[in-house]
Amino acid sequence: PNLQNIPIRTELGRQIRKAFVPRSPDEVLVVADYSQVELRVLAHFCQDEALLQAFAHDQDIHAVVAAQVNGVPLDAVTREMRGRAKAVNFGIIYGQTAFGLAAATGMSRTEAQRFIDAYFARYPRIRGFIDETVAAARREGGVRTLYGRWRPIEGLDSRNPTLRNQAERFAVNTVIQGSAADLMKLAMVRLHARLQREQLPLRMLLQVHDELVCEGPRVRAADLATVLREELSTAMQLRVPLKVDVAWGLSLIHI
């Protein structure tokens, strides 16, 4: 199952998560997930200096963006400012419109459009990356991920604006999410090789987007978590560091 779709904030979701346990009472689930991996891939491609620096110094990327777009010091960023910046940061990968941002944040559509305009004015390299990706897809008929996987994109020259805009979103989204998928698959291959080489008692169970669920002996949990973090954080060299969060527990509710 897609574990990311099982809510953790509701009582029913917590009860369901308790059902996911290791195969033995002597074992634990060890879960690793990439932190903001798609935004890191975006920063790698667009090479915006502010984003690169924020990730290099392990800053709160949403707060940094909120400060820069609103023109205030970092310590003056409000929760509302950060929430809007977060919505745009993630929404930009999916071609979010002012309508979508307004629905997500409670802003008016005019406010949302103003925020998006300010975002792209502050981060012109992101706008440049999006425009260049769409132009390349139109020229070549598709796009490639960071490691060369090809996806044809249809509808880029459609006379139907809805279909054309959808194709443009697919092009950008494929490069970002597809490259993040490249990263996870490379990490799994590297992890498997290390487990075989060192005969480590860790088993990969499930991969869900940027998260990898494993299981292993409870007494080795800390060591195995270190192995997981090492392999995932070094699987690919980007212009920004990869950050991996690792936790373990007796069931998914404990992680």
Reachable lysines from Lys185, criterion Cα separation under 25 angstrom, eight or more residues apart if same chain: Lys243
Taking protein heavy atoms only, a 1.4 Å probe, and rounding to whole percent, the accessible area of the chain owed to carbon and sulfur comes out at 51
Relative contact order computed over the chain (Cα-Cα under 8 Å; 6+ residues apart), in percent: 34
To the nearest 20 Debye, how big is the dipole of segment 122-255 about its Cα centre, given +1 on the beta carbon of each Lys and Arg and -1 on that of each Asp and Glu? 260
Let me check the size of segment 72-168 from its C-alpha atoms; what are the radius of gyration and Dmax in Å? 15.8, 47
Return the single residue from Ile176, Ile16, Ile93 with maximal mean-square fluctuation; model: Gaussian network over the chain, springs between Cα atoms under 10 Å. Ile16
Name all residues of segment 26-42 having a backbone nitrogen under 17 Å from the label point set 7 Å from the Cα of His254 along its Cα→Cβ direction, giving them as ranges. 26-32
Work through the residues other than Asp33 whose Cβ is under 9 Å from its Cβ and net out their charges, Lys, Arg +1 and Asp, Glu -1. -3
Identify which of Asp182, Asp58, Asp75 has the largest mean-square fluctuation in a Gaussian network model of the chain, with springs joining Cα atoms closer than 10 Å. Asp75
Which three extents, in whole angstrom, do the alpha-carbon atoms of the chain cover along their principal axes, largest first? 57, 43, 35
Put a dot 7 Å past each Cα toward the Cβ at Ser24 and Gln59; how far apart are the dots in nm? 4.8
When ligands, DNA and RNA are left out and all protein chains stay put, how many square angstrom of accessible area per residue does segment 40-196 have with a 1.4 Å probe? 52
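Percent of Cα-Cα pairs more than 17 Å apart in segment 41-117, please.
45
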Hydrodynamic calc, segment 151-255: Kirkwood Rh from Cα pairs, then Stokes-Einstein at 20 °C with viscosity 1.002 mPa s, so D in µm² s⁻¹ is 133
Quick check: residue separation of Leu163 and Tyr147 times 0.36 nm, minus the Cα distance between them. What number comes out in nm? 3.0 nm
With only Lys, Arg, Asp and Glu charged, each at its Cβ (+1 for the first two, -1 for the last two), find how big the charge dipole of segment 23-62 is about the Cα centre; round to the nearest 20 debye. 100
For Gln15 and Thr78, compute 0.36 nm times the residue count separating them, minus their Cα-Cα distance, and round to one decimal in nm. 19.3 nm
Between Phe99 and Val208, how many nm apart are label points set 7 Å from Cα along the C-beta direction? 3.1
Farthest towards the positive end of the dipole of the chain, among Ile255, Leu163, Leu3 and with Cβ unit charges of +1 on Lys and Arg and -1 on Asp and Glu, lies the Cα of Leu163
Dipole magnitude of the chain, debye to nearest 20 (Cβ charges: Lys/Arg +1, Asp/Glu -1, about Cα centre): 380
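In the P(r) worked out for segment 10-62, what percent of Cα pairs fall beyond 17 Å?
Roughly 58 percent, once rounded to a whole number.
The values are calculated or read from the model by the stated rules, or taken from the named source; none is laboratory data. Please read all numbers here as calculations on a predicted model, not as lab measurements. Neighbour counts run over all protein chains shown; Cβ positions are idealised from the backbone, glycine included. Just the protein is used for accessible areas: all its heavy atoms, side chains included, with ligands, DNA and RNA removed. Shrake-Rupley method; radii C 1.70, N 1.55, O 1.52, S 1.80 Å.
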